[in-house]
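The values are calculated or read from the model by the stated rules, or taken from the named source; none is laboratory data. Because the structure is a prediction, the values reported are computed rather than measured. Positions of Cβ are generated from backbone atoms using ideal geometry, with glycine treated the same way; all protein chains shown enter the neighbour counts. To get the accessible areas, we keep the full protein, side chains included, count just its heavy atoms, and leave off ligands, DNA and RNA. Shrake-Rupley method; radii C 1.70, N 1.55, O 1.52, S 1.80 Å.
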Amino acid sequence: MADSSAVKELTRFGSTQRRDAWWIEIIPALVIFSAFIIYATWRAFEGKFYEVGPYLSPFYSPLIDPEHHWWRFSPAILILGGPAGFRVTCYYYRKAYYRAFVMHPPSCAVSEGEHRGYRGEASFPLILQNVHRYFFFIVAVFLCFLWYDAVVAFKFPEGFGIGVGSVIMLVNVLFLTTYSASCHSLRHLVGGKVDCFSCVTLGAPRHSAWRFVTILNEHHMLWAWLSLFSVALTDLYIRLVASGVLKDIRLL
Amino acid sequence: MAEVTLRVFRGDRDGGKAVDYQVPLTEGMVVLDAIHSIQAHQAPDLAVRWNCKAAKCGSCSAEVNGRPSLMCKTRMDALPHDQPITVYPMKSFPVIKDLATDVSWNYRVNKKIPPFQPRPGVEWKMDQRDVDRVQEFRKCIECFLCQDVCHVLRDHDKKQQFGGPRFFVRSAGLEMHPLDGASRTRMLKEELGIGFCNITKCCTEVCPEEIHITDNAIIPLKERVVDEFYDPVAMIVRKIFGAK
Ligand code: SF4
Ligand code: SF4
Ligand code: FES
Ligand code: FES
């Protein structure tokens with residue numbers, strides 16, 4: 001540990017002089033992420049109840065080989081890697097799971113114990129987190145499909161209509177888009193890398209784009225949570241309707 | 001007059017112990033006032049560093065009830081009085097005496113950072129929107145609370161390989177400066193070890209100047225390091241177009 005002579009006893013894992021309930025901060029992340037991972041894995045492997053009427057579950061979009069011509073398993077497995085990789089390498093989620101799951105550190109000024117071998121993201125495997133920007137591009141393609149699905153969700157056999165599912169799918173894609181558009185890597189790519197906006201070509205639009213992403217980015221954590229809930233609840237709703245537990249209510 | 005107990009570390013490099021002092025509470029009192037009261041009436045040899053008492057000089061950093069804080073900015077009425085209030089020196093640095101720590105390692109790290117170097121032939125004129133971003137980094141008062149709380153230094157003592165959040169803030173201020181021409185990305189990766197930071201944001205949580213250290217300095221710098229060292233496409237684009 002660091003060389004203070006004052007607090008030698010604070011080297012044990014979890015030791016701290018803080019008097020507040022610091023562990024409360026990590027419990028929501030621990031519980032909700034675990035629940036999401038279990039639910040999403042189960043749903044991805046389930047391979048049914050993902051489509052009903054004009055609605056398609058976001059876990060299964062884009063839908064590849066649903067008739068199982070060449071892929072025997074659930075079609076979700078084929079596409080899962082894109083959105084999962086995006087979230088796993090997201091700067092916000094990294095913070096959340098480094099704290100809640102690996103406890104590096106469990107909370108600020110709470111000891112994680114001394115590990116001489118700590119390398120953070122400086123070497124394998126966590127150095128791979130640097131791939132995040134590529135996942136952004138992959139997810140941008142996914143978003144096009146999800147927008148298409150959200151539009152199609154308003155198209156019923158007799159023409160335009162609005163069901164509870166249509167609204168849920170629209171809200172979901174809005175949250176997913178805002179989450180993706182507030183990404184730190186995008187913020188860098190659209191203008192963050194520029195030092196002098198007034199010196200480069202297209203400086204003004206790049207500055208505006210950077211400002212816009214920055215405003216969204218200030219609430220990146222919020223978008224991360226909202227989109228996590230929305231994507232799980234959208235899937236859950238479609239599953240319940242598709243399996244006959246719920247009936248989709250038509251609003252129009 | 002109501003009294004409150006302060007449990008203050010008394011000792012030096014070789015060790016020490018916590019000593020309890022009863023201090024009369026006055027209106028608007030901050031922890032530094034309480035420490036001064038102890039110095040004035042009970043322990044004239046209590047060592048504490050301070051200068052401005054206005055949260056601007058960055059001298060009075062300590063750990064109050066386990067939280068890295070400026071003593072002059074921490075109000076007594078914001079702390080619970082049912083138990084003694086602990087006041088300890090910063091954990092990440094060696095104690096000189098009582099609450100004064102030896103922060104000289106930070107000055108050595110600072111020397112590794114290439115200073116501002118204007119681009120050759122640059123016109124000394126800056127657009128407001130270009131300086132707005134780096135302005136935030138100039139607010140740093142070098143209190144080193146972010147260095148104290150950062151687990152890479154606090155728990156893992158990586159002082160040889162890691163520069164710490166304060167110096168990512170300084171590097172960001174130079175690296176994003178519209179007139180600067182030097183590149184510090186290799187230094188950030190290799191000498192300041194930015195990869196050791198796992199963006200867990202404790203530095204941001206304690207910064208008394210409310211600098212968004214992680215979001216505005218560290219993550220953008222990490223992205224610049226990716227451009228230079230880990231992104232094959234960016235590397236090829238740079239090779240072909242010579243663009244930054
Ligand atoms: S975000 Fe990085 S620099 Fe800041 S405290 Fe955490 S590990 Fe240290
Ligand atoms: S960045 Fe903030 S916490 Fe760190 S030294 Fe500067 S003012 Fe203090
Ligand atoms: S940083 Fe969170 S999505 Fe990119
Ligand atoms: S005395 Fe100057 S910051 Fe506290």
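Helix A:220-242: angle to the longest alpha-carbon principal axis of chain A, degrees 0 to 90, nearest 10?
Once rounded, the angle reads 30 degrees.
Using Cα springs under 10 Å in a Gaussian network model of chain B, which residue among B:Val149, B:Val103, B:Val87 shows the largest mean-square fluctuation?
B:Val103
Taking amide H atoms as placed 1.01 Å from N in the peptide plane, list the residues 5 or more away in sequence, or in a different chain, whose amide H sits under 5 Å from that of B:Ala182.
B:Gln117
Please name which of A:Trp225, A:Ala153, B:Gln147 has its Cα lying farthest along the dipole of the protein assembly as shown towards the positive end, using unit charges on Cβ (Lys, Arg +1; Asp, Glu -1) and the Cα centre as origin.
B:Gln147
What residues qualify as long-range amide H neighbours of B:Ile85, i.e. H under 5 Å apart, gap of 5 or more or another chain, H built at 1.01 Å from N?
Sorted by chain and number, the residues that satisfy this are B:Thr5, B:Leu6, B:Arg7.
Give me P(r) over region B:3-101, computed from all C-alpha to C-alpha distances, binned every 5 Å, as integer percentages.
Distribution as computed: 3, 14, 27, 28, 20, 7, 1, 0 percent.
Note down the nm distance, to one decimal, between modelled labels 7 Å out along Cα→Cβ at A:Phe101 and at B:Arg138.
Distance between the two pseudo-spin positions: 4.2 nm.
Restricting to DSSP H runs of at least four residues, report the calculated mean residue ellipticity at 222 nm for chain A, -39500 (n - 2.57) per run over all residues, nearest 500 deg cm²/dmol.
-16000 deg cm²/dmol
Enter the accessible area per residue of region B:104-233 (Å², integer; probe 1.4 Å; all protein chains in place). The partial results should precede the final answer.
Values: 4990 Å² over 130 residues.
With the other protein chains kept in place, region B:104-233 gives 38 Å² per residue.
In the neighborhood of A:Ser61, defined by Cβ-to-Cβ distances under 11 Å, what is the net charge if each Lys or Arg adds +1 and each Asp or Glu adds -1?
Neighbour charge sum, excluding A:Ser61 itself: -3.
Could you tell me the calculated FRET efficiency between A:Ala21 and A:Ile64, based on Cβ-Cβ distance and R0 = 45 angstrom, to the nearest 0.05?
Efficiency for this residue pair is about 0.45.
Measure off 7 Å from each Cα along the Cα-to-Cβ vector at A:Cys144 and A:Ser34, then give the distance between these two points in nanometres to one decimal.
The two pseudo-label positions are separated by 4.0 nm.
Can you tell me what share of the DSSP beta bridges in chain B is antiparallel? A percent to the nearest 5 is fine.
90 percent
Where both residues lie in the protein assembly as shown, what percent of DSSP beta bridges are antiparallel, nearest 5? Spell out each step's value before the answer.
Numbers: 26 of 29 bridges.
DSSP beta bridges in the protein assembly as shown are roughly 90 percent antiparallel.
Report in % the part of the accessible area of chain A that belongs to carbon and sulfur, leaving out ligands and nucleic acids; probe 1.4 Å.
Values: 8650 of 11950 Å².
Answer for chain A is 72 percent, counting heavy atoms of protein chains only.
Which of the cysteines in chain A are isolated, no other cysteine C-beta under 4.7 Å?
Singleton cysteines: A:Cys90, A:Cys144, A:Cys183.
State the cysteines of chain B left without a partner when partners are defined as other cysteines whose beta carbon lies under 4.7 Å away.
By the Cβ distance rule, which asks for a partner under 4.7 Å, the isolated cysteines are B:Cys60, B:Cys72, B:Cys140, B:Cys143, B:Cys150, B:Cys197, B:Cys207.
Computing the accessible area with a 1.4 Å probe over protein heavy atoms, can you report the carbon and sulfur percentage for chain B?
On chain B, the fraction of accessible area on carbon and sulfur atoms equals 52 percent.
By the gyration tensor of its Cα atoms, with a ≥ b ≥ c the square roots of the eigenvalues, what is the shape of chain B: rounded for a/c under 1.5, prolate for a/b over b/c, or oblate?
It is prolate, given that a/c is not under 1.5 and a/b is the larger ratio.
If you project the alpha carbons of chain A onto the principal axes, what extent comes out on each, in Å, largest first?
77, 52, 38
Any chance you could check the Cα centroid distance between region A:106-156 and region B:41-60 for me, in angstrom?
44 Å
Need one number: nm distance between label points at A:Val200 and A:Ile127, each 7 Å from Cα along Cα→Cβ, rounded to one decimal.
It works out to 2.7 nm between the two label points.
Can you check how the C-alpha radius of gyration of region A:71-173 compares to 2.2 N^0.38 Å, as a plain ratio? Write out the running numbers ahead of the final one.
Values: Rg = 19.8 Å, N = 103, 2.2 N^0.38 = 12.8 Å.
Cα Rg divided by the expected 2.2 N^0.38 Å: 1.55.
Given the rule -39500 (n - 2.57) for each run of at least 4 DSSP H residues, summed and divided by the residues of chain B, what is its mean residue ellipticity at 222 nm, to the nearest 500 deg cm²/dmol?
Estimated from H runs of four or more residues: -8000 deg cm²/dmol.
What residues have an amide H closer than 5 Å to that of B:Val30, excluding those fewer than 5 places away on the same chain, when H is modeled at 1.01 Å from N in the peptide plane?
Placed amide hydrogens put B:Met76 under 5 Å from B:Val30.
Provide the FRET efficiency to the nearest 0.05 for the A:Phe156-B:Asp82 pair, computing r from the beta carbons and using R0 = 56 Å.
0.35
So, with +1 on the Cβ of K and R and -1 on the Cβ of D and E, and no other charges, what is the size of the charge dipole of the protein assembly as shown about its Cα centre, to the nearest 20 debye?
It works out to roughly 920 debye.
Excluding B:Thr86 itself, calculate the net charge of residues whose Cβ lies under 9 Å from the Cβ of B:Thr86, where each Lys or Arg counts +1 and each Asp or Glu counts -1.
Once positives and negatives cancel, what remains is +1.
Whole-Hz ³J(HN,Hα) for each residue in region A:88-96, computed from phi via Karplus 6.51 cos²θ - 1.76 cosθ + 1.60 with θ = phi - 60°, x for glycine and proline: what do you get?
4, 9, 5, 4, 5, 4, 4, 3, 5
As an exercise, use a Förster radius of 35 Å and the Cβ-Cβ distance of B:Ser183 and A:Leu174 to find the FRET efficiency, rounded to the nearest 0.05.
On the way: r = 39 Å, r/R0 = 1.12.
Working from the Cβ atoms, E equals 0.35.
Can you pull the semi-axes for the protein assembly as shown, root of five times each eigenvalue of the Cα gyration tensor, sorted largest first, whole Å?
47, 29, 20
Can you give the charge dipole size of chain B about its Cα centre, rounded to the nearest 20 debye, using +1 on the beta carbon of Lys and Arg and -1 on the beta carbon of Asp and Glu?
840 debye
Chains B and A: what accessible area do they bury, summed, in square angstrom to the nearest 100, with a 1.4 Å probe?
Result for this pair: about 5100 Å² buried.
Tell me whether region B:128-244 comes out rounded, prolate or oblate; compute the Cα gyration tensor, take square roots of the eigenvalues as a ≥ b ≥ c, and use a/c under 1.5 as the rounded threshold. Please list the in-between numbers first.
Details: a/c = 2.33, a/b = 1.37, b/c = 1.70.
Note, shape of region B:128-244 comes out oblate.
Treating the beta-carbon of each Lys and Arg as +1 and of each Asp and Glu as -1, no other charges, what is the dipole magnitude of region A:128-245 about its Cα centre, to the nearest 20 debye?
Values: 7 positive and 5 negative charges, 59 e Å.
So the dipole magnitude of region A:128-245 works out to roughly 280 debye.
Through the Karplus equation 6.51 cos²θ - 1.76 cosθ + 1.60, θ set to phi - 60°, convert the phi angles of region A:162-170 into ³J(HN,Hα) values in whole Hz; use x for Gly and Pro.
Working through the residues one at a time gives 10, x, 4, x, 4, 5, 4, 5, 5 Hz.
Place a point 7 Å from the Cα of B:Lys56 along the Cα-to-Cβ direction; which residues of region B:197-232 have their backbone N under 17 Å from it?
Correct set: B:208-210.
Separation of region B:111-166 and region A:196-252 by C-alpha centroid, Å?
Between the Cα centre of region B:111-166 and that of region A:196-252, the gap is 32 Å.
Per-residue Cβ counts within 10 Å, from other chains only, averaged over B:64-73: what number is that?
Averaged over the peptide's residues, the number is 3.
Using θ = phi - 60° and the Karplus form 6.51 cos²θ - 1.76 cosθ + 1.60, what ³J(HN,Hα) does each residue of region A:189-205 get, whole Hz, x for Gly and Pro?
The phi angles translate into 5, 6, x, x, 6, 7, 8, 9, 5, 7, 9, 9, 5, 6, x, 5, x Hz.
Can you tell me which of B:47-53, B:71-77 comes out highest on packing, and rank the rest after it, using the mean Cβ neighbours within 10 Å?
B:71-77, B:47-53
Per-residue Cβ counts within 10 Å, from other chains only, averaged over A:131-139: what number is that?
The mean count of partner-chain Cβ atoms within 10 Å per residue comes to 2.
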